[in-house]
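K.L.:
Mind looking over this structure? Questions follow.
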């Protein structure tokens, strides 16, 4: 039970074999149960389909089964002796961009599926762009249906080169290409005997071994204060003055005795203790949930940030960010007023400017754009009523990401990634 | 140069149970910080036992800042009711009981009759009325995404309208660990801290934390009869057909719910590690094996959830 967790997203349409791939990973890791398979077989037969349609395993909602498409992100779980996996199964079509963005936001790795016959499609480029926009640290381009191109090395190399050329325009830190046939199981769990020219790992081997421990930011210490624990137990005098600052470490390593700075006050003190109910810790790192006791009494509340005196986030009311707009009913326009939730802090914001709208297929920047509508992405300037403790999203996904909320409907209408704060 | 590069491999990587625990504690603190009247749904089943332990940890050394609530069908296993009262007293939290029997007595819902009668679905009305009466704005549930396919698509913070309904097509996008907790008066959020846990994770955590469980989770002898492949316990609340013969079997329960619709599994497992070995080897989901209520249709859970079920 001492394995770690890898979260990955899969992007692609049913046509690319995404459901077949997920079905195979679940099936081969014995994570599909007999009663689930029975239900899927019954439904497939009822619809007159020849093969058992594994896509039915992942399409959980009535509307999805009726329409035969994936609409919403589905989370799937499987484990091997080496690792536990959480799959965010995301729909590939452009009208579900927000769902892919959602799935990618928590992923360590993304798999983009390409049909070897068709090569790179517009949507493959979009998936790759969204993956890098969300700063998913590891990217796998799975060239699927190799059986339909006679396991041709030439075809694989062609697609690989085309994608590599495109990837230079993106901020990809780790890119792996795997030729496979999800249907036949080539290079999914075991290395394929049909492609002796390929000397890389199978997909599952790669998922089990990719190094993710250093993907989290372990340098810039950030502790957004989430909750203040004050026991108020008169019977226990030791707890009388107890003030514990509870939260989840969002970056860096905090050690007992470290000098730290409180924001927004700018006051400094030291970490007296790092506590959990299971005992005191010498150090805490992301994503641990801990409680900190400080040496000096400072007025600290939820939404504040603890960091290091010589390594602070920008404290600013003005931020520039890439925003993915997620509302069906409302558009983002200059002067829109919204709520922002960033770490544990919520404030009002006004959209000062829409700098450009980005075409997610061509990466073209439209600087004349007047608004963003559902699934559109653009760069915006925001002015907040309160200072935010902001890092660039590419430095830290947890202190660089935020959501936008419509104050009237309470709906989550946008997701933002901080590019710049000043 | 950096700590990341000099750190030994794996030093700053949490194990899967530590990761899941840290996430669940973060979720619970987020609720306590942002809602006025949260409640934790506690049935005495294994998932809610894990939740109660997580709540103790999240606010330690302070007290759990919300009550727990049990939606009692009146058809629960006596062993579980005894456990519930004992565990709640030990945790020092207030227990609210939302009684299905009282709803029936007051004529608010009608008791189903017949061979397949179960009060399971009546829980929804009792739950929603209790949420309204106590003006709860957030309710922690122990549901996991690995349990059932409609649940696989549900958010951690799942919005319910003023009628308690879930609309799967209008779910709020949920990114990173930034949860939208805003609601209007009369609406509430169901919060699922165990969303990313699997059944095996729950057992692993119970073993690691040495959590106490109701005795029926462990192997024992019981009078049962078989219906649709499910072993149901002989009990006063169920109408047994003449063709359904009683026999004694060595069983344990994999899930704990209403006596009328929760099945036992044949098992000789008396220790946690034996149970975990069984679950690791099983080829049937826990709901498929033990819950008659999920078998009515492919979208049974989705339909019940839309109405406001757990």
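K.L.:
Mind checking which residues of the range A:385-399 are surrounded by fewer than 21 Cβ atoms within 10 Å (Cβ to Cβ) and under 18 Å from residue A:352 (Cα atoms)? Write out each step before concluding.
P.N.:
Keep residues of the range A:385-399 that are surrounded by fewer than 21 Cβ atoms within 10 Å (Cβ to Cβ), which gives A:385-387, A:392, A:394-395.
Across the range A:385-399, the qualifying residues are A:385, A:386, A:387.
K.L.:
Separate question: Any chance you could count how many residues in the range A:281-309 are at pLDDT below 95 and in a strand (DSSP E or B)?
P.N.:
Within the range A:281-309, residues that are at pLDDT below 95 and in a strand (DSSP E or B) number 0.
K.L.:
If a residue must be surrounded by 14 or more Cβ atoms within 10 Å (Cβ to Cβ) and over 20 Å from residue B:46 (Cα atoms), how many such residues does the range B:215-225 contain?
P.N.:
3
K.L.:
Yes or no: the range A:371-386 includes at least one residue that is modelled with pLDDT under 95, more than 14 Å from chain B (Cβ to nearest Cβ), in a loop (DSSP other than H, G, I, E, B) and over 23 Å from the mean Cα position of the chain (by Cα).
P.N.:
Taking every residue of the range A:371-386 in turn, none turns out to be modelled with pLDDT under 95, more than 14 Å from chain B (Cβ to nearest Cβ), in a loop (DSSP other than H, G, I, E, B) and over 23 Å from the mean Cα position of the chain (by Cα).
K.L.:
Further, regarding this structure: I want to confirm something. Restricting to the range A:3-30 and keeping residues that are assigned to a loop (DSSP other than H, G, I, E, B) and within 9 Å of chain B (Cβ to nearest Cβ), which single residue is modelled with the lowest pLDDT?
P.N.:
Just the residues of the range A:3-30 that are assigned to a loop (DSSP other than H, G, I, E, B), to begin with: A:3, A:12-13, A:17, A:29-30.
Remaining after also requiring within 9 Å of chain B (Cβ to nearest Cβ): A:3, A:30.
Numbers: A:3: 80, A:30: 73.
Ranking the candidates gives A:30 first.
K.L.:
Mind checking whether some residue in the range B:200-208 is crowded, with 22+ Cβ neighbours inside 10 Å, more than 22 Å from residue B:156 (Cα to Cα) and touching a residue at least 24 places away in the same chain (Cβ under 8 Å)?
P.N.:
Checked the range B:200-208: no residue is crowded, with 22+ Cβ neighbours inside 10 Å, more than 22 Å from residue B:156 (Cα to Cα) and touching a residue at least 24 places away in the same chain (Cβ under 8 Å).
K.L.:
Now for a separate question. Output the number of residues of the range A:87-119 satisfying the condition of being buried (at least 23 other Cβ atoms within 10 Å of the Cβ), under 17 Å from the mean Cα position of the chain (by Cα) and assigned to a strand (DSSP E or B).
P.N.:
So the count comes out to 6.
K.L.:
Select from the range B:145-180 the residues that are assigned to a helix (DSSP H, G or I) and either modelled with pLDDT of 90 or more or more than 7 Å from every other protein chain (Cβ to nearest Cβ) (or both) and list them in ascending order.
P.N.:
The initial filter retains those residues of the range B:145-180 that are assigned to a helix (DSSP H, G or I), namely B:151-153, B:168-170.
Selection gives B:151, B:170.
K.L.:
Could you please find all residues in the range A:310-321 being part of a loop (DSSP other than H, G, I, E, B) and surrounded by fewer than 19 Cβ atoms within 10 Å (Cβ to Cβ)?
P.N.:
So the first thing to find is which residues in the range A:310-321 are part of a loop (DSSP other than H, G, I, E, B), and the list is A:310, A:312-313.
Selection gives A:310, A:312.
K.L.:
Output the residues belonging to the range A:224-262 that are modelled with pLDDT of 95 or more, more than 12 Å from every other protein chain (Cβ to nearest Cβ) and more than 16 Å from residue A:281 (Cβ to Cβ).
P.N.:
A:259, A:261, A:262, listed by residue number.
K.L.:
For the range B:50-103, what are the residues that are assigned to a loop (DSSP other than H, G, I, E, B), under 23 Å from residue B:125 (Cβ atoms) and more than 14 Å from chain A (Cβ to nearest Cβ)?
P.N.:
To start, the set of residues in the range B:50-103 that are assigned to a loop (DSSP other than H, G, I, E, B) comprises B:60-67, B:73-77, B:92-94.
With under 23 Å from residue B:125 (Cβ atoms) added as a condition, the list becomes B:66-67, B:73-77, B:94.
Passing the criteria: B:67, B:73, B:74, B:75, B:76, B:77, B:94.
K.L.:
For residues in the range A:191-218 being within 14 Å of chain B (Cβ to nearest Cβ) and touching a helix residue (DSSP H, G or I) at 6+ places or on another chain (Cβ under 6 Å), which is farthest from residue A:111 (Cα to Cα)?
P.N.:
Of the residues in the range A:191-218, the ones within 14 Å of chain B (Cβ to nearest Cβ) are A:208-218.
Still in the list and also touching a helix residue (DSSP H, G or I) at 6+ places or on another chain (Cβ under 6 Å): A:214, A:218.
Details: A:214: 20, A:218: 25 Å.
Ranking the candidates gives A:218 first.
K.L.:
Still on this structure: Quickly run through the range B:283-310 and pick out the residues that are modelled with pLDDT of 70 or more, surrounded by 19 or more Cβ atoms within 10 Å (Cβ to Cβ) and outside any helix (DSSP H, G or I).
P.N.:
Within the range B:283-310, B:285, B:308, B:309 meet the criteria.
K.L.:
Looking at the range A:269-294 only, could you name the residues that are over 21 Å from residue B:58 (Cβ atoms) and either surrounded by fewer than 14 Cβ atoms within 10 Å (Cβ to Cβ) or within 11 Å of chain B (Cβ to nearest Cβ) (or both)? Outline the logic, then answer.
P.N.:
Initially, the range A:269-294 is screened for residues over 21 Å from residue B:58 (Cβ atoms), giving A:269-270, A:282.
Result: A:270, A:282.
K.L.:
Does residue A:173 qualify as being outside the structural domain of residue A:121 (by TED's automatic domain parsing), within 22 Å of the chain's Cα centre (by Cα) and surrounded by fewer than 21 Cβ atoms within 10 Å (Cβ to Cβ)? Explain how you work it out, then say what you get.
P.N.:
Details: outside the structural domain of residue A:121 (by TED's automatic domain parsing): no; within 22 Å of the chain's Cα centre (by Cα): yes; surrounded by fewer than 21 Cβ atoms within 10 Å (Cβ to Cβ): yes.
It is false that residue A:173 is outside the structural domain of residue A:121 (by TED's automatic domain parsing), within 22 Å of the chain's Cα centre (by Cα) and surrounded by fewer than 21 Cβ atoms within 10 Å (Cβ to Cβ).
K.L.:
If you don't mind, another one. It is to be established whether one or more residues within the range A:338-357 are touching a helix residue (DSSP H, G or I) at 6+ places or on another chain (Cβ under 7 Å) and surrounded by fewer than 20 Cβ atoms within 10 Å (Cβ to Cβ). Quick ask: steps written out before the conclusion?
P.N.:
Kept after step one, since they are touching a helix residue (DSSP H, G or I) at 6+ places or on another chain (Cβ under 7 Å), are these residues of the range A:338-357: A:343.
From what's left, surrounded by fewer than 20 Cβ atoms within 10 Å (Cβ to Cβ): none.
Among the residues of the range A:338-357, not one is touching a helix residue (DSSP H, G or I) at 6+ places or on another chain (Cβ under 7 Å) and surrounded by fewer than 20 Cβ atoms within 10 Å (Cβ to Cβ), which makes the answer no.
K.L.:
Given the options A:251, A:257, name the one that is touching a strand residue (DSSP E or B) at 6+ places or on another chain (Cβ under 7 Å), surrounded by fewer than 16 Cβ atoms within 10 Å (Cβ to Cβ) and in contact (Cβ under 8 Å) with a residue 12 or more places away in the chain. Write out each step before concluding.
P.N.:
Numbers: A:251 fails: surrounded by fewer than 16 Cβ atoms within 10 Å (Cβ to Cβ).
One residue alone meets the criteria, A:257.
K.L.:
Of B:119, B:115, which residue is more than 30 Å from residue B:59 (Cβ to Cβ) and buried (at least 18 other Cβ atoms within 10 Å of the Cβ)? Reasoning before the result, please.
P.N.:
On the way: B:115 fails: buried (at least 18 other Cβ atoms within 10 Å of the Cβ).
Exactly one residue qualifies, and that residue is B:119.
K.L.:
Touching a residue at least 40 places away in the same chain (Cβ under 8 Å), in a loop (DSSP other than H, G, I, E, B) and crowded, with 21+ Cβ neighbours inside 10 Å: does that describe residue B:43? Working first, answer last.
P.N.:
On the way: touching a residue at least 40 places away in the same chain (Cβ under 8 Å): yes; in a loop (DSSP other than H, G, I, E, B): yes; crowded, with 21+ Cβ neighbours inside 10 Å: yes.
Yes; evaluated as a whole, the condition is true for this residue.
Residue-wise test of (1) surrounded by fewer than 23 Cβ atoms within 10 Å (Cβ to Cβ); (2) in contact (Cβ under 8 Å) with a residue 40 or more places away in the chain.
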site: B:125; (1), (2): yes, no
site: B:130; (1), (2): yes, yes
site: B:135; (1), (2): yes, yes
site: B:146; (1), (2): no, yes
site: B:170; (1), (2): yes, no
site: B:184; (1), (2): yes, no
site: B:191; (1), (2): no, yes
site: B:198; (1), (2): yes, yes
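K.L.:
On the given criteria, is residue A:327 part of a loop (DSSP other than H, G, I, E, B) and in contact (Cβ under 8 Å) with a residue 24 or more places away in the chain?
P.N.:
Values: part of a loop (DSSP other than H, G, I, E, B): yes; in contact (Cβ under 8 Å) with a residue 24 or more places away in the chain: yes.
Yes.
K.L.:
Would you tally the residues in the range A:363-412 being out of contact with any helix residue (DSSP H, G or I) (no Cβ under 8 Å at 6 or more places or on another chain) and under 26 Å from residue A:222 (Cβ atoms)?
P.N.:
Qualifying residue count for the region: 20.
K.L.:
Shifting gears a bit: Can you find, within the range A:196-218, the residue that is nearest to residue A:152 (Cα to Cα) among those that are touching a residue at least 40 places away in the same chain (Cβ under 8 Å) and part of a helix (DSSP H, G or I)?
P.N.:
So the residue we want is A:203.
The values are calculated or read from the model by the stated rules, or taken from the named source; none is laboratory data. Small disclaimer: the values here were computed from a predicted structure and weren't measured. Ideal geometry is used to build each Cβ from the backbone, glycine not excepted, and the neighbour counts take in all protein chains shown.
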